[in-house]
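Shown next, in structure tokens, is the structure this report addresses.
The values are calculated or read from the model by the stated rules, or taken from the named source; none is laboratory data. Predicted, not measured: the structure shown is a model, and the values here were computed from it. We place every Cβ from the backbone using ideal geometry, glycine too, and count neighbours over all the protein chains shown. Ligands, DNA and RNA are excluded from the accessible area calculation, which covers all protein heavy atoms including side chains. Shrake-Rupley method; radii C 1.70, N 1.55, O 1.52, S 1.80 Å.
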Amino acid sequence: MKQFSLFIILLLTLSISWGYFSENSDKSEVKKLVLTGSSTVAPLLAEIAKRFESLNPNVRIDVQTGGSSRGINDVRARVSDIGMASRSLRLSESELFSFNIALDGISIIVNNTNPVTSLDKQQIIDIYKGKIVNWQQLGGQDATIIVVNKAEGRSTLELFLHYFGLQNTELKPHVIIGDNQQGIKTVAGNPHAIGYVSVGSAEYEAGHQVAIKLLPLDGIIASVENVRNQTFPLSRPLNLITQQQPTGIIKDFIAYASSEQVADLIKSQYFVPVAH
Amino acid sequence: MLKNKLATLLIYLVAVLITVTFICILADIIIHGFSQISWGYLTESPSDAGRAGGIAPIIVSTALIVFLAIIIAAPLGLATAILLTEFAQQKTIFAGFVERCLDVLASVPSIVFGLFGNAFFSLYLGLGFSILSGGLTLACMVLPILIRTAVEGLRATPDDYRFSAAALGITRTTALVHLLLPTAMPAIVAGLILGIGRAMAETAALIFTSGYVDRMPDSVFDSGRSLSIHIYDLSMNVAGGDSKAHAAALVLIVMLLIINAISMGLAKHWQKNRIISNEIII
């Protein structure tokens, strides 16, 4: 009897899961797009894709991550239809097509109790190289500077190093962090720390009683507005990449992703929509 | 005497340390995550990159991936273990070779399985980013654990059982099904639980195989995000996702505890049923 009930349970499980094992028959009508690439861009694109799907019920968009370089490789290998990259195309990638959907800036942040209000380029280089070790040398309190750096492999680190003309091996960081959120928490929790994070999230957190302060760069205030009008020097494009001039549904999706209709989604992921 | 007491104290300290570590992790997850858990959280789809909404599609994807992995790996694992213990002589080159291979396979980092799964199941076999390729990759990964524990369990059954069965004229298959496997069942189930645990906690092997899509899957050929990937993404990639990450971690732990309890119960039931029942055909 028990054997029998076990058998029935197994049968039920199988029949329920059968639906999952058989592909839907009407699938031929559904067009499927695969996007791979930058983990920074992926959450934003997943949201845009959901909205696009709700407007176009016969389209399915699968957003996968893996990093900007993977996105570009996958597009080249035709594994994906559209790649996502949080940087511009390199010279060696110039045969691909790139479409800018949003911008992201990188700001130097310090704790908001820190009396220092601006640092020039050379001072930031010296801090990160360990030549300036005390805030007193910069007109601040007598305290050791806690240098917060990004982990290897982050595109934010790449951009920061490139802008300041630094090598990662030259840096003398005290703390190594992963994502923006961690950087903001580290600097907010330590009055003598200095770090660099995405402008959008920093501006949002600074406006929500988090104890951080955005420092201007080359005299230009770090703000989403200045990233948008492209006066802020340390910024990067968030791009969609295709192998050929897009047509059909790919073209529609790219047009939708760079349109005014998704500006609220871009802002809610703390990025800057491109000017229209 | 003093030495003895010191040793006892040390052993207790280690036990307390382990318990405290576990309780600290659990408390942290419960304190930060419990307030986020609601019926809606378990039944809705995620929105705003996971900061809002629930995790229903992610629970379904995780269950499907783990179910597939175990359904594929368990029969293969059990069959290999039976071959190694009951049918192959322990000292043959073949048996030794298989066991060395399993040891190496068990120590391969999960990201290597992920890359293999991506290259073989997703690209070469053309399964793409799908729950099926994730399940197959995890099956490869948990196979060595299942085989190892099942082999240990079968080896631990006393040879007396085998001799007695032979003396009574019971065939090897009958002895295996009614005597040896039930006796080894606790070890086999322990291996199964370890395997399920490893499969559910896996991130690296799944991000390039089952993928990142948080939509409710229609079939196992769809991409589906697992709970561990969801937790990783919320805590490392999404600003303001911490509390939801804690909630998802709490759901994952509760799911694991439930699965452990069920498998333990089933094992006990099966063991009792088989060994004592008069079903044995003499």
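Projected label points at B:CYS24 and B:TYR232, each 7 Å from Cα along the beta carbon direction, are separated by 2.5 nanometres. Across chain B, the volume of the C-alpha convex hull divided among the residues equals 194 Å³ per residue. Calculated FRET efficiency, A:GLN245 to A:SER54, Cβ-Cβ distance, R0 = 30 Å: about 0.65 to the nearest 0.05.
Of A:ARG90, B:ARG51, A:ARG51, A:ARG236, the residue with the largest accessible area leads and the full order is A:ARG90, A:ARG51, B:ARG51, A:ARG236 (1.4 Å probe).
Based on C-alpha pairs under 8 angstrom that are at least 6 apart in sequence, chain B has a relative contact order of 26 percent. If you wrap the Cα atoms of chain A in a convex hull and average its projected area over all directions, you get 20.5 nm². Among B:PRO46, B:ALA79, B:THR21, whose Cα sits farthest toward the positive end of the charge dipole of segment B:7-133 (+1 at Cβ of Lys/Arg, -1 at Cβ of Asp/Glu, about the Cα centre)? Checking the options against the dipole of segment B:7-133, the answer is B:ALA79. Inter-chain Cβ neighbour count for A:76-82, averaged per residue, equals 1 (cutoff 10 Å, partner chain atoms only).
Remark on B:ARG215: its backbone amide H falls under 5 Å from those of B:ARG225, a criterion applied only to residues 5 or more positions apart or on other chains, H modelled at 1.01 Å from N. Our note on the geometry: Cα centres of segment B:74-111 and segment A:207-249, 54 Å apart.
Ranking B:TYR232, B:TYR161, A:TYR163 from most to least accessible surface, computed with a 1.4 Å probe over the protein chains only, gives B:TYR232, B:TYR161, A:TYR163. Averaged over the residues of peptide A:38-45, the number of Cβ atoms from other protein chains lying within 10 Å of each residue's Cβ is 3. Per residue of peptide A:179-185, the mean number of Cβ atoms on other chains within 10 Å of the residue Cβ is 3. For segment A:213-276, a simple Cβ point-charge model (Lys and Arg +1, Asp and Glu -1, everything else neutral) yields a dipole of about 140 debye relative to the Cα centre. Note on surface exposure: A:HIS174, A:HIS192 rank A:HIS174, A:HIS192 by accessible area, highest first, 1.4 Å probe. The HN-Hα couplings worked out from phi for segment A:218-235 by the Karplus form 6.51 cos²θ - 1.76 cosθ + 1.60 (θ = phi - 60°) are 6, x, 9, 5, 7, 8, 4, 4, 6, 5, 5, 7, 6, 8, 6, x, 9, 9 Hz, whole numbers, x standing for Gly and Pro. Comparing Cα centroids, segment B:145-184 and segment A:131-193 end up 62 angstrom apart. Here is how the number arises for the protein assembly as shown: DSSP H runs of 4 or more residues each give -39500 (n - 2.57), the sum is divided by the residue count, and the result at 222 nm is -17000 deg cm²/dmol.
Computed extension gain for A:THR113 through A:ALA263, at 0.36 nm per residue and net of the alpha carbon distance, reaches 50.6 nm.
Working note: Cα gyration tensor of the protein assembly as shown, eigenvalues times five, square-rooted, sorted largest first, giving semi-axes of 51, 31, 21 Å. Put simply, when B:5-17, A:242-254 are sorted by average Cβ atoms within 10 angstrom per residue, most first, you get A:242-254, B:5-17. The listed peptides B:221-230, B:120-129, ordered by packing as a protection proxy, come out as B:221-230, B:120-129 (highest mean of other Cβ atoms within 10 Å first). Beyond 32 Å in Cα-Cα separation lie the following of the pairs B:LYS3/B:LYS272; B:LYS244/B:LYS268; A:LYS129/B:LYS244; A:LYS172/A:LYS267; A:LYS150/B:LYS244: B:LYS3/B:LYS272; B:LYS244/B:LYS268; A:LYS129/B:LYS244; A:LYS172/A:LYS267.
Against the compact-protein benchmark of 2.2 N^0.38 Å, the Cα-based radius of gyration of segment A:168-276 scales to 1.30. Once you have a ≥ b ≥ c as the square roots of the Cα gyration tensor eigenvalues for segment A:105-228, tell me rounded if a/c is under 1.5, and otherwise prolate or oblate according to whether a/b is larger than b/c. Judged from the Cα gyration tensor, segment A:105-228 comes out rounded (a/c under 1.5). Taking 0.36 nm per residue of separation and subtracting the current Cα-Cα distance, fully stretching the chain between B:ILE11 and B:ALA156 would add 49.5 nm. Applying the Karplus relation 6.51 cos²θ - 1.76 cosθ + 1.60 with θ = phi - 60° to segment A:242-252 yields 3J(HN,Hα) values of 10, 7, 10, 4, x, 9, x, 5, 5, 4, 4 Hz, where x marks Gly and Pro.
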